[in-house]
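Beneath this line is the structure, given in structure tokens, with notes to follow.
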Amino acid sequence: MWEAKAAEGRANGLVDFALAHADPAAEVYRSVDDRVVVIDPSGHGMPAVPGELVAREPHVWGFERLSR
């Protein structure tokens, strides 16, 4: 999972970046407070995001899907 907080006024640009660079199998979400989350089951990850789009460096977590 990849999560980034958009810089002031740059949420649309961050969303565009995520949609352009996330694996086609990934799910992309935008929160009401201008955070963008990418959940990528392929594990390909995201490239470095241009610094002007984010308020801080993105957070990245690895997860393992569990059977229920």
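Just so it is clear, none of the values below were taken in a lab; they were calculated from the coordinates. These numbers were taken from a predicted model, which means no experiment stands behind them. Glycine also receives a Cβ, built like all others from the backbone with ideal geometry; neighbour counts cover every protein chain displayed.
Miscellaneous remarks
- Filtered by the rule that a residue be over 23 Å from Glu8 (Cα atoms), of a type in the set (D, E, K, R) and in a strand (DSSP E or B), the stretch 25-50 gives a lone residue, Glu27.
- Looking only at the stretch 52-61, and only at residues there that are without any contact (Cβ under 8 Å) to a residue 60 or more places away in the chain and either touching a helix residue (DSSP H, G or I) at 6+ places or on another chain (Cβ under 6 Å) or not in a helix (DSSP H, G or I) (or both), the one that is farthest from Glu8 (Cα to Cα): Val60
- Scanning the stretch 15-68 for residues that are acidic (Asp, Glu), more than 11 Å from Lys5 (Cα to Cα) and buried (at least 16 other Cβ atoms within 10 Å of the Cβ) yields one hit, Asp40.
- Some residue of the stretch 7-21 being among the basic types (Lys, Arg) and more than 23 Å from Arg65 (Cα to Cα): yes
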